[in-house]
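Input: a single structure, listed below in C-alpha cells.
The values are calculated or read from the model by the stated rules, or taken from the named source; none is laboratory data. Source: prediction; values computed, not measured. Cβ: placed from backbone, ideal geometry, glycine included. Neighbour counts: every protein chain shown. What goes into the accessible areas is simple: the full protein's heavy atoms, side chains included, and nothing from ligands, DNA or RNA. Shrake-Rupley method; radii C 1.70, N 1.55, O 1.52, S 1.80 Å.
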Amino acid sequence: VSKFFQKWLGDLRGSQVGWDGAYCDVAPRIFGKWNNGNVAWGDAGVIIPDKLLRMYDDKDTLAEHYESMEYYMKWLEQFGLEGPNTAYGDWLTYDMTDKRYISVCFYAYDAALMEKYSRVLSTHDGDDFTKKAEKYAELRRRIIEHFYEQYVEGDDLKFKTQAAYLLPLRFDMLDEELRRI
C-alpha cells in the first residue's frame, strides 16, 4: 500500500491549495470548504507519513511531504491550543466525548509526530530540522499543559468515556499517576 499512500499524500497536498493549509477530510477534494481540517480526518495528512516511516522506512516521502505538514501545522495555529475543527467527534459510541477534547488530543499527537519527523530528517545537531523538532516539542508541551488545565480534575479525567481515556493514553499525554487510572 506504500504507493497508494504516496499518491494519496500528493492528493492531500493538492487539497491544501486555496485553503490556507488545511487538509481536506476526503482526498482528492470532492466537497467544498465544510470538509476541511476536521479532527482525525484532516490530521491524516500528518499521521499517514508515520505509517510509511514505520512500515517501509520511507524517509523520501516524509521529506517530500514535510513542507505540506508544516503548512497544516501553521493553519492549526489560528485555533490556539484547541486543535483542528470538530465536525465529527466520536460517533461510534452511545456516550459522547466532547469534540474539543478529541481535537486537543489529536493536536498534541500532530505536534509529537512533527517533532519525530524533524528529528528523523535532521542531519546534524543545530540544523533547521533540529530547531523545528525543539519548536514542536515545546508546542506539544504547551498543548498537554492546556489539556491538563481544561480536562483533568483532581486525579481523574473530566470525561469518562472510552475515547476520553484511550486518546491521551495512546498519544502519551498522561503522567504516570493518571496512566494508572
**Fill in**
Being touching a residue at least 60 places away in the same chain (Cβ under 8 Å) and of a type in the set (Val, Ile, Thr) narrows Thr161, Thr130 down to just Thr161
**Asked** Which residues, taken from the range 117-175, are touching a Phe, Trp or Tyr at 6+ places or on another chain (Cβ under 9 Å), at pLDDT 95 or above, open to solvent by 40 Å² or more (accessible area, probe 1.4 Å) and not basic (Lys, Arg)?
**Response** Val120, Thr123, Phe129, Gln150, Asp172
**Complete:** If we keep only residues of the range 25-55 that are farther than 23 Å from Phe171 by Cβ and not in a loop (DSSP other than H, G, I, E, B), then the residue most open to solvent (accessible area, probe 1.4 Å) is Trp34
**Request:** Inspect the range 113-125 for any residue being on the phi > 0 side of the Ramachandran plot and not hydrophobic (A, V, I, L, M, F, W, C) and give the result as yes or no.
**Result:** no
**Asked** Are any residues in the range 140-181 of a type in the set (Val, Ile, Thr) and part of a strand (DSSP E or B), and if so, which ones?
**Response** Val152
**Prompt:** Of everything in the range 26-50 that's among the charged types (D, E, K, R) and without any contact (Cβ under 8 Å) to a residue 60 or more places away in the chain, which residue is farthest from Tyr107 (Cα to Cα)?
**Reply:** Arg29
**Fill in**
In the range 106-127, anything in contact with a helix residue (DSSP H, G or I) (Cβ under 7 Å, 6 or more places away or on another chain), of a type in the set (A, V, I, L, M, F, W, C) and within 11 Å of Val46 (Cα to Cα) is listed as Ala111, Ala112, Leu113, Met114
